[in-house]
1. Test of understanding: among GLY244, GLY253, which residue is small (Gly, Ala, Ser), within 16 Å of the ligand (Cβ to nearest atom) and touching a residue at least 40 places away in the same chain (Cβ under 8 Å)?
2. Can you name the condition, by its number, that MET282 falls short on among (1) away from the ligand (no atom under 16 Å from the Cβ); (2) hydrophobic (A, V, I, L, M, F, W, C); (3) under 30 Å from LYS65 (Cβ atoms)?
3. Hey, VAL20 hits all of (1) open to solvent by 70 Å² or more (accessible area, probe 1.4 Å); (2) at pLDDT 95 or above but one; which does it fall short on?
4. In the range 3-23, what residues are part of a loop (DSSP other than H, G, I, E, B) and closer than 18 Å to SER304 by Cβ?
5. Does ALA53 meet the test of being small (Gly, Ala, Ser), open to solvent by less than 40 Å² (accessible area, probe 1.4 Å) and under 30 Å from PRO136 (Cβ atoms)?
6. If the Cβ limit is 9 Å and pairs must be 6+ apart or interchain, which residue in the range 1-28 that is polar (S, T, N, Q) pairs with which residue that is open to solvent by 80 Å² or more (accessible area, probe 1.4 Å)?
7. Would you tally the residues in the range 276-317 being part of a helix (DSSP H, G or I) and of a type in the set (Val, Ile, Thr)?
8. Evaluate the range 208-225: report whether one residue or more is within 11 Å of the ligand (Cβ to nearest atom), of a type in the set (Asp, Glu), loosely packed, with under 15 Cβ neighbours inside 10 Å and farther than 28 Å from ALA158 by Cα.
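The values are calculated or read from the model by the stated rules, or taken from the named source; none is laboratory data. Model, not experiment: these values are computed from the prediction. With ideal geometry, Cβ positions are generated from the backbone for all residues, glycine too; neighbour counts draw on all protein chains shown. Areas reflect the complete protein model, heavy atoms only, side chains present, ligands, DNA and RNA absent. Shrake-Rupley method; radii C 1.70, N 1.55, O 1.52, S 1.80 Å.
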Amino acid sequence: MSQLQRPRRNRKNDVIRSLVRESAVTPQDLIAPLFVREGMNERTNIVSMPGHARLSIDQLVLEAKELFSLGVKCVALFPAIEDGKKTSDARETWNHDNLNLRAIKEIKNALPDMHILGDIALDPYSSDGHDGLVDPKTGEIINDATLEALARQALASANAGVDILGPSDMMDGRIGYLRRALDGEGFHNISLMSYTAKYASAFYGPFREALDSAPKKGDKKTYQMDPANGREALREATLDEAEGADILMVKPGLPYLDIVYRLRQHSTLPIAVYNVSGEYAMVKAAAEKGWIDGERVMMESLVSFKRAGADIILTYFAKEAARLLQK
Ligand code: PBG
């Protein structure tokens with residue numbers, strides 16, 4: 001039968017499929033989030049994130065070396081701060097000898113070309129488990145006083161050697177505030193990857209278990225975005241651009257691909273997406289049960305981020321995916 005249009009011709013074999021393929025994932029697109037703990041030679045498995053552990057700094061350096069050799073050249077660090085060091089003013093955040101800053105220095109020492117994304121938010125250090133300072137009377141998350149604390153965190157991380165800072169706190173005005181604080185100290189080369197559209201999501205559950213950082217009271221809905229909103233992400237993006245962000249991020253990933261796509265249309269800046277802990281846990285759990293093919297679901301998820309328009313993917317699959325891509 002004659003049919004002018006037969007889209008299947010472009011799918012008829014592997015060679016033609018590769019020729020017409022529109023998007024691809026490479027290890028260089030990936031950022032690997034890693035969890036850090038105190039101690040030596042320690043790897044504490046994170047139950048809800050199979051394959052991930054809280055690593056003591058020596059083990060963290062080994063992990064970073066392996067990632068680098070696989071082509072993953074940026075890691076995001078998340079420190080598990082000991083309970084005794086968490087306070088309501090989160091002052092451990094800028095203690096120059098804290099776990100996070102020691103980890104940054106040791107990785108940079110061992111691997112000068114590995115890029116480090118330092119998270120900016122108070123929650124790992126806060127006895128309240130919030131990203132900002134909490135008003136003890138009203139329970140309000142105080143925006144402007146938090147900015148000052150975040151700037152201290154940013155400068156401490158800059159001094160330790162981070163390459164990129166990722167403000168994940170969702171306070172208003174933080175990108176401009178941090179840019180000015182960094183420039184004021186001569187750190188004009190440190191990039192800001194803004195968590196532009198960070199949603200108040202249940203997909204962060206395993207991460208909060210890993211850091212024991214869940215809010216003690218209330219939730220994060222007065223600063224993280226409402227999952228029902230899309231247009232609001234464009235407002236945040238416009239502000240972040242004007243305040244000097246270098247890269248815009250969407251978080252979580254898979255349930256928010258429409259936001260990735262809309263930011264891609266809206267902005268000329270690079271777009272990053274965070275494939276978060278709960279997304280990872282779901283794939284791992286279903287694969288463990290034999291209900292899905294975990295490797296294929298992983299690669300399909302990652303390429304969907306590229307198709308939606310993301311340039312950069314933060315993912316707990318980074319090592320596994322990079323290994324697979326090397327084959
Ligand atoms: C904290 C922060 C969170 C994540 C990254 N930075 C948790 C939160 O906002 O409660 C979540 C990452 C993940 O779930 O993988 N500022």
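1. Numbers: GLY244 fails: within 16 Å of the ligand (Cβ to nearest atom).
Only one candidate passes the filter, namely GLY253.
2. (1)
3. Every condition holds for VAL20 apart from (1).
4. Residues satisfying the conditions are ARG21, GLU22, SER23.
5. Values: small (Gly, Ala, Ser): yes; open to solvent by less than 40 Å² (accessible area, probe 1.4 Å): yes; under 30 Å from PRO136 (Cβ atoms): no.
Considered against the rule, which asks whether it is small (Gly, Ala, Ser), open to solvent by less than 40 Å² (accessible area, probe 1.4 Å) and under 30 Å from PRO136 (Cβ atoms), ALA53 comes out as no.
6. As it stands, the answer is ASN10/ARG17; ASN10/LEU19; SER23/ARG307; GLN28/LYS73, since those pairs meet every condition given.
7. Within the range 276-317, the first condition is being part of a helix (DSSP H, G or I), and the residues that meet it are 277-288, 294-308.
Retained after the next criterion (residues that are of a type in the set (Val, Ile, Thr)): 283, 297, 303.
Looking only at that region, the number is 3.
8. The answer is yes, given that some residue of the range 208-225 is within 11 Å of the ligand (Cβ to nearest atom), of a type in the set (Asp, Glu), loosely packed, with under 15 Cβ neighbours inside 10 Å and farther than 28 Å from ALA158 by Cα.
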